[in-house]
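Step one of this worksheet: look at the structure below.
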Amino acid sequence: MTAATQTQVLNVVGEREVAAFRQLHTRLGDALEIAVRGKRSIVDLVLVALFAGGHVLIEDVPGTGKTTLARSLAAALGGVSRRVQFTPDLLPSDVTGTTVFDARTSQVAFRPGPVFANVVLADEINRAAAKTQSALLEVMEEHTVTADGVAHAVPDPFLVIATQNPIDLEGTYRLPEAQLDRFMIRTTLGYPELADELAVMRPGDRAGAVQEIPAVTTPAEVAHFVALLPGLHFAEPLLAYVREIGVATRTDKRVRLGASPRAMRAFVRCLQVYAAAQGRHYVVPNDVHRLAEPVLAHRLLLTRRSLLDGETAGGVITDALAAVDVPSPAVR
Amino acid sequence: MTRVVWAALLVGVGAWQLSLTWSVDRELIIASAVLPVVLIGLGARLLPAPAVTFTVVGLGAVGFYVMCVRNGLDPGDVLRRGVPRLLAAPRPVPPEPGLLLPGATFGFVTGVWVGLRAVSSGLIAAPVGAVALYTGAALLGSGGTDPKGFVAAALVFLAAAGWVGRNPAVSLRRLAPATVAAVGVALLIGPIAMADAFDPRRLVEPEGRHLRQPSPLAKIAAWHRQGDVELLRYTSGRDERLRLVALTNYTGASWSAEGRYRRIGTVSDPRQRTADIAVSIGALEGPWLPGPARPLAVSLSDVEFDSDSGSLALRDGVLQPGLSYRVTSGLDGPTEEAVAAADVPSGAEMRSYVELPSAPATLTAYAQTITDGAKTAYEKAVSLEYSIRESGRHDPDAPSGSSYARLETFLFGTAGTVAGAKEGTAEQFASAFAVLARAVGLPTRIVVGFAPGTPGDGGTRVVHGRDAHAWPEVYFSGIGWYPFDPTPAASTPSETRLEIINRLFQQSIRPSAAPSSAPPMAAGGEQVERRVPSPATAAPGYPLLAVGIALLLLGSLILARRLRTVRHRRAGAAGAWAELLDVLLLIGRSPARGQPAPVIAAGLAATVPMMDAVLVVADEADRAAFGPGPVPGDVAWRAMRRVQHAARTAIPWHRRIFWYIDPRPLFRSQRAGRLPRTPVHFKGEMP
């Protein structure tokens, strides 16, 4: 059986669709720029996760603008944004919602939790107990909340931006590393550049003024592109190349658990979105190099010895990229 | 399987070419080469290769031994002296086991080797084996076995088909520069090699027999006295002057007919035109077979040939009346113009042809006087021919003999006073010419033969006793033996000879004049100056050749590079990227592995001045390689031109010189994608 017979026929994304997407992408980026300064590359990654139908994990110290980013995105999307502050005593139902008895109607009704929003900011996800974390991760995967046997769909588009504090504070429950695979992209915001930080510090600056961000699109438009972009052209040699990189992470001596097939699927979807965001209706090897670390690094599980040696997943990805021959555009 | 068939086919063609050297039993040669290839190649699939090889070699050795014993041959002798014997053998090689076995052994050894190599993956062995067989055939046949090169072309085609078919990695494109170079070298070397081709037969001193017989020269007078006896008759398309024997050695008293006789067909050029003549012997006696000049083959089996004198002789016994045979001979004799321009050789190998043991001064001085005005060797020969012809009268009854004394009487005696003065038979005329010519340094010999004779019944020509004749021949460099005829009325001089005679003898020496008469100079001088032969063709210009080869190499390099660029251009944007990689190699900035095109381009644009266009090339190439549709290459190539300009500007002028001839891009590695590695899911400790 050939690959083609197994592949669902997708509408080919042409240059016109890509141009439209790029325009939307630019609009979103520009809108977010009002509140989030100098983080265009991070914003781009978040948007990649959004249009690839995945979720983002931002690992950073407090006060670098994680919440602002999430709220700004929700505002620009014109959808609903909710924020859940994860605490050790947070219950799963506090996230997903509960069934309550309505005395007036004498009926049992479902009261949706904060996950019923287009953009959910799960702040400090590692502070909650594992049970609560799992509840959120399940919704991220299923896009539905099941309460008393009734499935309640979360709105579409649905993007979870989880933040995690890397500093091992008292009373945190580290997200199980295997579950990090559920996040499409992990990134850090980092401290701003000098000029950006000065601008943000300057009195009267609009940084963080989420309420000023206009809604530049609609959830429906976003959903349209989420459905459209998997049809973007992906050359066969490039697919083999992406797989080679995944294999390289699996065979690396420092890695206990390499990139899974789910990771590879997610990688390909991200690549399509990223290419379209660059205005291209096809993916090139350079896209692979740009996205490999944010998409793959958090999914790798290093051996304890290499962790002790100070190796990082990012280093493994860099080495894999250098080891695998890039498919050359030159004729053979 | 395919490889074995391919190897067998190649070896078969080579063996077939080799077998053409033999007249019969060609199948044995072909089979002895092809069978080992097939047996070892296929047998090694079932049994261990050494066992199969051992068996095949053992069978071959037994077969060889049995054939040797059955034919009463010493196996060691066949192996030791087989090749020299083959080289000395006539062509085609006669059906003799002693000559067939060396060829079969050669084929067998080649076949075993190729079979062994074919078992172990070699793609080189079969062509090498075929080439060995082909070369063997060419050496044995002095290059005459494949005159048009069809078999060689077939071998090249077969080998190439095997290479390309068996190993797709060897693409025709990669072979192209090598092919251009090979053809160029062949074109250069070919004419040089052809001009002085190597003939291994020259290295071998053929086994032969020293034949020393009294010269038939004295018989000429006897034959003439019984002029009506039919000596022989022959059938030919032309009037032939049949030769009996050539005489080389002169003792001062007589000529002797001696030479090394061996089997005919040993040293000759098989490429010349030939003609057949049928001879039937009448009353002629002696060991020599009459035949035309330049004999190549005789229908009789026991005929020997002296390549020095060109004489044919029976190996055993003497001529019998009624003996009939056919002689094949070369047709292409030298033209008179070529002879007139040629010089005569001097040197050790020519000594026996100019030897005059204790020659009397009268004869040498006379020879000098006659040839004084002659500038070239040919003019000397013609003046001698004329002077001797004028100096006497042909008389069949004149005393026989060719000693110095007899010749002095013949040349200087006063007619009527002494017997034989100013009169003689062809014996004296030819001898006088030979002695005088040797005295002035012309290598000369005497041929005893017959005039064309009279027409007989049924298209034959009958040669009688009165047709017996003798004539001298002079050896000219690059031409060979060329006949002259000083006997009166035997032949009329050609236009060229008449012209020379008239010029040199305007104040002619009368044959009756004393040897001390004035040298025949005077009026002819100027004309003689003008007739000095043009200087010999210039020695081959080796420096010129070297320059030619260098230019050719340069040309093929430029051509190969140019073709590469043209191919890239045809490939559009992707080709532009390939061209860019070539350019980067030339400016010493080949990108590191694992870098996508835009990254390479950005690195270049940041470090090389005016290189910005490289970004366009990278984008276009990526678009062509990874995008869905076809991409026109013009954008990329416009950018590529700017990149090339920037690249050339970026390197120093002395490296720019080699821009178009640098061969490195031709060998730029085009790494194929790696094979996927086996995925490993878990290693060591579990979480």
**Report entry** Rounded Å value of the spacing that divides the Cα centres of the stretch A:130-202 and the stretch A:89-124
**Finding:** 18
Report task. Treating the angle as unsigned and between 0 and 90°, give the value, to the nearest 10°, between the Cα long axis of helix A:219-228 and the longest Cα principal axis of chain A. Result -> 30
Report task. Assuming a ≥ b ≥ c are the square roots of the Cα gyration tensor eigenvalues, decide whether the stretch B:553-667 counts as rounded (a/c under 1.5), prolate (otherwise, with a/b larger than b/c) or oblate. Result -> oblate
**Report entry** Lys/Arg +1, Asp/Glu -1 at C-beta; the protein assembly as shown dipole; positive extreme among B:Val418, B:Leu140, B:Leu296
**Finding:** B:Leu140
Report task. Report, in whole Å, the centroid distance computed from the Cα atoms of the stretch A:303-317 and the stretch A:270-286. Result -> 29
Query raised in the report: Roughly how many nanometres apart are two label points built 7 Å out from the Cα toward the Cβ at B:His654 and B:Val156?
Result: 4.0
Report task. Taking amide H positions as placed in the peptide plane 1.01 Å from N, state which residues far from A:Leu189 in sequence (5 or more) or on other chains have amide H under 5 Å from it. Result -> A:Glu59
Query raised in the report: Put +1 on the Cβ of each Lys and Arg and -1 on the Cβ of each Asp and Glu in the protein assembly as shown; which of B:Ser383, B:Thr371, A:Val283 then has its Cα farthest toward the positive end of the dipole?
Result: A:Val283
Report task. Give me the accessible area of B:Val34, 1.4 Å probe, in Å² rounded to the nearest 10. Result -> 30
Query - Computed magnitude of the charge dipole of the protein assembly as shown (debye, nearest 20; Cβ of K, R +1, Cβ of D, E -1) - result: 1180
**Report entry** Nearest-10 value in Å² for the accessible area of B:Lys148, using the 1.4 Å probe
**Finding:** 150
Query - Residue list for the stretch B:331-352, given a label point 7 angstrom along the Cα-to-Cβ vector of B:Glu495 and an amide N cut-off under 11 Å - result: none
Query raised in the report: Which shape class, rounded, prolate or oblate, goes with the stretch B:303-416 when its Cα gyration tensor gives a ≥ b ≥ c as root eigenvalues, a/c under 1.5 marks rounded, and past that a/b bigger than b/c marks prolate?
Result: oblate
Report summary line: For A:Gly79, the net charge from surrounding residues (Cβ-Cβ under 14 Å; K, R +1; D, E -1) works out to +1
Query - Extreme residue, positive dipole direction of the stretch A:91-185, given options A:Asn118, A:Ser93, A:Thr105 (C-beta unit charges) - result: A:Thr105
Report summary line: Restricting to aspartates and glutamates and to Cα separations under 20 Å from A:Lys39, and discarding same-chain partners fewer than 8 apart, the set is A:Asp30, A:Glu59, A:Asp60, A:Asp123, A:Glu193, A:Asp196, A:Glu197, A:Asp205, A:Glu212, A:Asp287, A:Glu293
Query raised in the report: Counting Lys and Arg as +1 and Asp and Glu as -1, what is the net charge of the other residues whose Cβ lies under 12 Å from the Cβ of B:Gly420?
Result: -2
Query raised in the report: Around A:Pro285, what is the net charge, scoring Lys/Arg as +1 and Asp/Glu as -1 over all other residues with Cβ under 14 Å from its Cβ?
Result: -1
Report summary line: Expected vector for the stretch B:588-595, Karplus 3J(HN,Hα) from phi with 6.51, -1.76, 1.60 and θ = phi - 60°, integer Hz, x for Gly and Pro, equals x, 10, 4, x, 6, 5, x, 10
Query raised in the report: Helix A:130-142 versus the longest principal axis of chain A: what is the Cα-based angle in degrees, 0 to 90, to the nearest 10?
Result: 60
Requested in this report: Could you order peptides A:190-196, B:217-223 by the average number of other Cβ atoms within 10 Å of their residues, highest first?
Outcome: B:217-223, A:190-196
Report summary line: Restricting to aspartates and glutamates and to Cα separations under 19 Å from B:Lys148, and discarding same-chain partners fewer than 8 apart, the set is B:Asp196, B:Asp199, B:Asp269
Query - Burial of 10 Å² or greater, the stretch A:199-236 residues [accessible area, probe 1.4 Å, versus chain by itself] - result: A:His233, A:Ala235
Query - Residues of the stretch B:209-336: accessible area per residue with a 1.4 Å probe, Å² - result: 42
Query raised in the report: Leaving out ligands, DNA and RNA, what percent of the accessible area of chain A is carbon and sulfur, probe 1.4 Å?
Result: 53
Requested in this report: Can you tell me the order of A:293-299, B:274-280, B:402-408, B:309-315 when each peptide is scored by its average per-residue count of other Cβ atoms within 10 angstrom, highest first?
Outcome: A:293-299, B:309-315, B:402-408, B:274-280
**Report entry** Residue-normalised accessible area of the stretch B:553-667, expressed per residue, 1.4 Å probe, Å²
**Finding:** 48
Report task. Kindly identify the stretch A:164-250 as rounded, prolate or oblate by the Cα gyration tensor criterion: order the square roots of the eigenvalues as a ≥ b ≥ c, call it rounded if a/c is under 1.5, otherwise compare a/b with b/c, prolate if a/b is larger, else oblate. Result -> oblate
Report summary line: One would report the antiparallel percent of DSSP beta bridges in the protein assembly as shown, rounded to the nearest 5, as 75
Query raised in the report: Using the alpha-carbon atoms, what tilt in degrees (0 to 90, nearest 10) does helix A:15-35 show relative to the longest principal axis of chain A?
Result: 50
Report summary line: Relative contact order in percent for the stretch B:553-667 (Cα pairs under 8 Å, 6+ apart) equals 38
Query raised in the report: If you build the Cα gyration tensor of the protein assembly as shown and take the root of 5 times each eigenvalue, what three semi-axes come out, in whole angstrom, biggest first?
Result: 106, 34, 20
Query raised in the report: Just counting partner chain Cβ atoms within 10 Å, what average do the residues of peptide B:592-602 show around their Cβ?
Result: 6
Report task. Quick one: compute the contact order of chain A, relative version, from alpha carbon pairs under 8 angstrom and 6+ residues apart, as a percent. Result -> 24
Query - Length-normalised contact order of the stretch B:321-452 in % [C-alpha pairs under 8 Å, at least 6 apart] - result: 29
Query - Euclidean distance of C-alpha centroids, the stretch B:295-323 and the stretch B:52-83, integer Å - result: 33
Query raised in the report: Using the Karplus equation 6.51 cos²θ - 1.76 cosθ + 1.60 (θ = phi - 60°), what ³J(HN,Hα) coupling, rounded to whole Hz, does each residue of the stretch B:317-331 give in order, writing x for Gly and Pro?
Result: x, 10, 5, 10, x, x, 5, 10, 6, 10, 10, 9, 9, x, 9
Query raised in the report: Across the residues of A:269-281, average count of Cβ atoms on other protein chains within 10 Å?
Result: 1
Requested in this report: Would you mind giving the mean number of other chain beta-carbons within 10 Å of the Cβ of each residue in A:282-295, as a whole number?
Outcome: 4
Query raised in the report: Given a 1.4 Å probe and no ligands, DNA or RNA in the count, how much accessible surface is buried by A and B, both sides, to the nearest 100 Å²?
Result: 3100
Query raised in the report: How far is it, in nm, from the label point at B:Gln213 to the one at A:Leu198 when both lie 7 Å from their Cα along the line to the Cβ?
Result: 12.2
Report summary line: Sorted by chain and number, the residues with a modelled amide H under 5 Å from that of B:Val245, at a separation of 5 or more or across chains, are B:Val448
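The values are calculated or read from the model by the stated rules, or taken from the named source; none is laboratory data. Just so it is clear, the structure is predicted and the values come from calculations on it, not from any experiment. Methodologically, a virtual Cβ is constructed for each residue, glycine included, from the backbone with ideal geometry; neighbour enumeration extends over all protein chains shown. Heads up: the accessible areas ignore ligands, DNA and RNA and are worked out on the full protein's heavy atoms, side chains in. Shrake-Rupley method; radii C 1.70, N 1.55, O 1.52, S 1.80 Å.
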